[in-house]
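No value in this document is a laboratory result; all are computed from the given coordinates. Bear in mind the structure is a predicted one, so any value in this text is a computation, not a measurement. Every residue, glycine among them, receives a Cβ derived from its backbone with ideal geometry; neighbour counts consider all protein chains shown.
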Amino acid sequence: MANSFIRALLGGVTAIACVGSAAAGTGNLVIYNWSDYLDPAVIEAFEAETGIKVTYDTYDSNAILETKVLAGGSGYDIIVPSSNGAARLIEAGMLRKIDKEKIPNLEHVWPKISRMIETFDPGNEYLVPYNWWTFGVAYNTDMLNERLGPDFPKSWDLLLDPKISSTLAACNILIVDSPVDVLGAALIDLGLDPNTTDKGEISAAGEHVGAVRENIAQISADGVVAALSNGDACLGLTWSGDAYWAAEGAKEAGNGVKLDFFIPQEGTLLDLDCFAILNEAKNVDEAHAFLNFLMQPSVAAQNANFIRYGSANLTAQSGIERELLDNPAVYPTDKTFERLTTPVVQDRKTERFYTRTWSKVRTGQ
Ligand code: N2P
């Protein structure tokens with residue numbers, strides 16, 4: 001393993017040498033990514049190495065990304081949609097085929113993860129897998145122990161059982177603004193398929209969350225991490241990497257807030273984000289150069305250690321912290337895998353029904 005890591009590093013050096021030629025293009029690159037989802041030092045290193053100037057912008061939900069991109073003229077080159085959103089953008093003809101010759105470091109992608117997107121991107125022609133995650137429950141250990149005792153159920157019930165969530169409402173429950181994840185969790189809690197196309201079942205999931213809506217302080221695109229870190233929330237339904245990020249934030253702040261995360265016993269969703277290059281990208285060579293740079297195992301490892309998400313770069317694992325690799329919420333074991341479902345891409349009608357159901361939950365209708 002050590003040898004292959006060293007070989008990979010050497011491969012990376014060659015790749016950096018190639019990257020220089022991309023600077024002969026426009027010399028600019030515009031990236032639109034989820035917030036807190038790339039180590040700024042990676043961008044600095046890329047700029048220093050290549051002379052390419054990166055403009056970086058962020059979003060907090062697939063809905064925001066899609067609205068901006070589907071309107072056209074966004075000005076972005078690289079975007080980072082989650083699997084469902086990525087599939088819709090491929091179908092809408094918004095993405096450019098990746099020129100694999102320009103990204104030799106694609107060889108480091110974990111085949112198990114590449115396969116996850118095969119159903120909607122056969123041959124991974126448009127997408128480069130970035131990170132995977134599980135959706136679960138982040139919590140403030142002291143606040144929950146105080147209110148529920150130490151043996152509280154590691155279950156979706158913490159939100160979806162009104163008796164429990166009403167006890168936690170005063171210390172603030174926040175959930176991410178992500179219909180696929182939250183309605184999926186509600187479907188799982190009801191013993192239903194999180195990928196159902198049955199309108200009655202989707203409505204039941206909406207009503208399940210709606211029944212505890214008054215106990216949710218905020219459905220937030222970007223506020224969950226900060227609220228957990230600061231001790232302003234005791235419960236957050238969010239993604240594994242963000243939960244980790246919140247816990248690290250509290251540790252760094254030294255504010256005494258202790259956070260943990262679990263995958264509910266009923267099961268949950270596992271999904272991934274991918275890099276894509278827009279059809280309308282103006283800086284295509286630079287975009288390829290950036291992806292190749294980031295996918296060098298040493299760079300990918302540094303980035304994974306920073307953002308705390310499970311990396312799709314297999315070779316990078318030699319450089320990823322043991323604590324992250326051993327955390328089944330970040331790198332699920334085969335046993336955990338049995339309790340996980342990956343969202344499928346729904347037909348347009350079903351998709352719209354999920355969105356409408358979610359809007360009702362959000363607005364408390
Ligand atoms: C990063 C959030 C990305 C994870 N903060 C869900 N796509």
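Reported to the nearest whole Å, the Cα centre-to-centre distance from region 343-365 to region 59-82 is 19.
Separation of region 304-338 from region 221-246 is 20 Å, based on Cα centroids. Distance between the pseudo-spin-label points of E280 and A92 (7 Å out from Cα toward the beta carbon): 1.0 nm.
Each Lys or Arg adds one and each Asp or Glu takes one away; over the other residues whose Cβ falls under 10 Å from the Cβ of D189, this sums to -3. Calculate how steeply helix 297-307 sits against the longest principal axis of the alpha-carbon atoms of the chain, using the helix alpha-carbon long axis, and give the answer as 0 to 90 degrees to the nearest 10. That helix lies at roughly 30 degrees to the long axis. Only the Cβ atoms of Lys and Arg (+1) and of Asp and Glu (-1) were treated as charged; on that basis the dipole of region 249-365 about its Cα centre amounts to roughly 580 debye.
Of all DSSP beta bridges confined to the chain, the antiparallel ones make up roughly 60%.
Candidate cross-link partners of K335 among the lysines, defined by an alpha-carbon separation under 28 Å and a same-chain spacing of 8 or more, comprise K112, K154, K258. Using the Cβ-Cβ distance between K154 and S298 with R0 set to 30 Å, the FRET efficiency from 1/(1 + (r/R0)^6) comes to roughly 0.25. Both numbers refer to the Cα atoms of the chain; Rg and Dmax are 20.5, 63 Å.
In this simple spin-label approximation, E146 and K163 carry label points 7 Å from Cα along the Cα→Cβ vector, and these lie 2.4 nm apart. Volume per residue for region 216-306 equals 155 cubic angstrom (convex hull of Cα atoms).
Sorting the segments 238-244, 140-146 by their residues' average number of neighbouring beta-carbon atoms within 10 angstrom, most packed first, yields 238-244, 140-146.
Summed over qualifying helices (DSSP H, 4 residues or more, each -39500 (n - 2.57)) and divided by its residue number, the chain shows a 222 nm mean residue ellipticity of -13000 deg cm²/dmol. Stokes-Einstein diffusion of region 250-365 at 25 °C, 0.890 mPa s viscosity, Kirkwood radius from Cα pairs, rounded to a whole number: 137 µm²/s.
Compared with the direct C-alpha span, the chain from K100 to L70 gains 8.3 nm at full extension, assuming 0.36 nm per residue. Extension gain, R339 to K53, is 98.6 nm, computed as 0.36 nm per intervening residue step minus the present C-alpha separation. Taking every Cα-Cα distance in region 23-97 and sorting them into 5 Å bins from zero, the calculated P(r) comes out as 3, 14, 25, 23, 16, 14, 5, 0 percent.
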